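Let me begin by presenting the structure, written as C-alpha cells, before commenting on it.
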Amino acid sequence: MKAKIRKILTFVEETRTEMGKAVNPPTRRAAAAAVIENPFAGRYVEDLAELMGIGEELGALLTERAVAALGIPGASAESYGKAAAVGENGELEHAAAILHPKLGTPVRKALGKGAALIPSSKKRGGPGVALDIPLGHKDAAFVRSHFDGMEIRVNDAPRANEILVAIAVTDSGRPLARVGGLTKDQIKGEDGLR
Amino acid sequence: MHDVLVRKRVVIVEEIFHEGGPLATKPLRRAAALVAIHNPFAGKYVPEIAGFMDDLNPLGLEMAKALIAALGGDPRLIEGYGKGAIVGTAGELEHGALWHVPGGYAMREILGNAKAIVASTKKVGGPGTRLDVPITHINASYVRSHFDAMEVGIADAPKNDEILLALVMTTGARVHARVGGLKAAEIKGEDGLR
C-alpha cells in the first residue's frame, strides 16, 4: 500500500421523510473517507506521480467501503462523487493529483459501469473543515433527480501534513425529487451525459 | 404516547490506525448512530413529557443494534460507549434529557451486563451543530485508557422542531493510550466505577 493511512471513516445517511411526507423507499447515500499523510507537505515537488498512484489505490478501497456500507452490489449504485481536502502544508494540486488522473478507473470497476464524469470538489483547510462531495448519476450526468451533494467532516483531519480523501456513492437520487429534467429510466448511457 | 417520527438516520464509522505513533495491531473503531426525529413538544412548554422516554425505547434498541452491526456484529467487541442529544431551537434542553433513560437502556440491553453509567452530553442547536459525545468504558467508568469522545453532527439536522439523538460505541482504548490510571485488565466490575 502506497498511502500511509491514519484513519478510515464511513458515513451512511438514510432519509425517511421530508416535510412530514414519507420517502419510500428511503434514499440512502454513503461516503468513505481516508486520512492520509501528504508525502509532499511543506515543499514544492514538480512530479506528483506518487499521489496519482495513491489516488488509484484509494479509488478501489474507498469505493469498496462505501458500497459495503450501503449493503448493495456495486452495480446497483446510482450516483457518485469524490472530493479531497488538503491540510495547510499542502497545495490544491495535491488534491488534483489524487482525484483526477487515476482514481476513477477503480471506482468504475467497482460500480460496474460509470459512463459519466465523476463530479468532484477540492479545497485546502484545517481539521474539521466541511467537505461537500458533489453527486451525479454514474451513467448519465444530466439526470436531474440525482444532482446532489453530501457533506462530511472529520474533526481532527486534515492535520497540516495530511489529505482527507472521500468518495460518495448512493442507491438513489434526492428525496422527493420533482424538478423535472432527464429521469433515470430515460438514460441512453452512451455518452455519459444522457 | 407520541409517535416517534424519524426523518433521517446516519451511521458513522471511524477506524483509527495510528495518530503519529506506531501502527495499532488492532485498529480502534468508533461508531455513532444518529437519528433526527420530530420533537413532539416543539414550540410550547409542555409540563408532562416523561412518557416520551418509553416511546423512544424501540428506536434506542434499533440504533444500538445498528452500532453493533457497524462495528463487526459481535457485542463482545464493544468496550466503550456514550450518548448525546441536540435539541432544535424550538425545543428546550429538557427534551434532550428524555434520551438518558432509553439511550442507556438500549445499549445495556444489547451489551448484556454493562455496568458503568453511560456518559452523556446535550445541547440546543441548529442544523449542522456538532456534539462531542463523551465515551467511557462500559464496565468501569474510571478506566483511563477509554476516556474518549467522538464528534458527531448532521449538516441539515436538527431542524427547529427536531431532536438529534446520538449513541456511540467503541472497540477499545485511545489508539496511543499511555497516561496510566486504572487499566481495563484491572476492572473489578462490581460498582460500575472500578
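Every read-out reported here was derived from the displayed coordinates using simple, explicitly stated rules and does not represent laboratory data. Values in this document were obtained by computation on a predicted structure and should not be read as measured data. Positions of Cβ are backbone-derived with ideal geometry, glycine not excepted, and every protein chain shown enters the neighbour counts.
Once the Cα atoms are used to define both axes, helix B:52-70 deviates from the longest principal axis of chain B by about 40 degrees.
The share of Cα pairs per 5 Å bin across chain A, counted from zero up to the longest distance, runs 1, 9, 17, 21, 19, 14, 10, 6, 3, 1, 0 percent.
For region A:1-72, chymotrypsin sites (Phe, Trp or Tyr not before Pro) meeting the loop criterion (DSSP other than H, G, I, E, B) and having at most 14 other Cβ atoms within 10 Å: A:44.
Length gained on full extension, residue B:109 to residue B:55, computed as 0.36 nm times the residue gap minus the Cα-Cα distance: 17.8 nm. Taking 7 Å along the Cα-to-C-beta vector as the label spot, tell me the residue A:1-residue B:117 distance in nanometres, rounded to one decimal. So the two model labels end up 3.9 nm from each other.
Could you state the angle between the C-alpha long axis of helix B:100-111 and the longest principal axis of the C-alpha atoms of chain B, as a value from 0 to 90 degrees rounded to the nearest 10? Relative to chain B, helix B:100-111 is tipped by roughly 40 degrees. Using equal-weight Cα scatterers in the Debye expression, the normalised intensity of region B:6-186 in log10 at q = 0.11, 0.13, 0.17, 0.18 Å⁻¹ is -0.45, -0.62, -1.01, -1.11. Excluding the site residues themselves, the longest part of chain A lacking any GluC sites (Glu not before Pro) in a DSSP loop with at most 13 other Cβ atoms within 10 Å is A:47-189. Listed cross-link partners A:188/B:65; A:122/B:8; A:138/B:122 are compared with a 31 Å cut-off, the Cα-Cα value being larger for A:188/B:65; A:138/B:122.
The value of relative contact order for chain A, using C-alpha pairs under 8 Å at least six residues apart, is 28 percent. Taking the alpha carbon gyration tensor of the protein assembly as shown, multiplying each eigenvalue by 5 and rooting it gives semi-axes of 35, 28, 17 Å, largest first. Annotation for region B:114-194: GluC sites (Glu not before Pro) lying in DSSP loop with at most 16 further Cβ atoms inside 10 Å of their Cβ are B:190. Take the Cα coordinates of region B:94-194, assign each an equal point scatterer, and use the Debye formula without solvent to give log10 I(q)/I(0) at q = 0.10, 0.17, 0.18, 0.19 Å⁻¹. Listed by q, the Debye log ratios stand at -0.32, -0.82, -0.89, -0.96. Each label point was placed 7 Å from the Cα along the Cα-to-Cβ direction; for residue B:45 and residue A:194 their separation is 6.2 nm. By the Cα gyration tensor, region A:141-194 has an equivalent ellipsoid whose semi-axes, rounded to whole angstrom, run 32, 14, 8 from largest to smallest.
Considering Cα pairs under 8 angstrom that are at least six residues apart, work out the relative contact order of region B:6-186 and quote it in whole percent. Over region B:6-186, the number comes to 30 percent.
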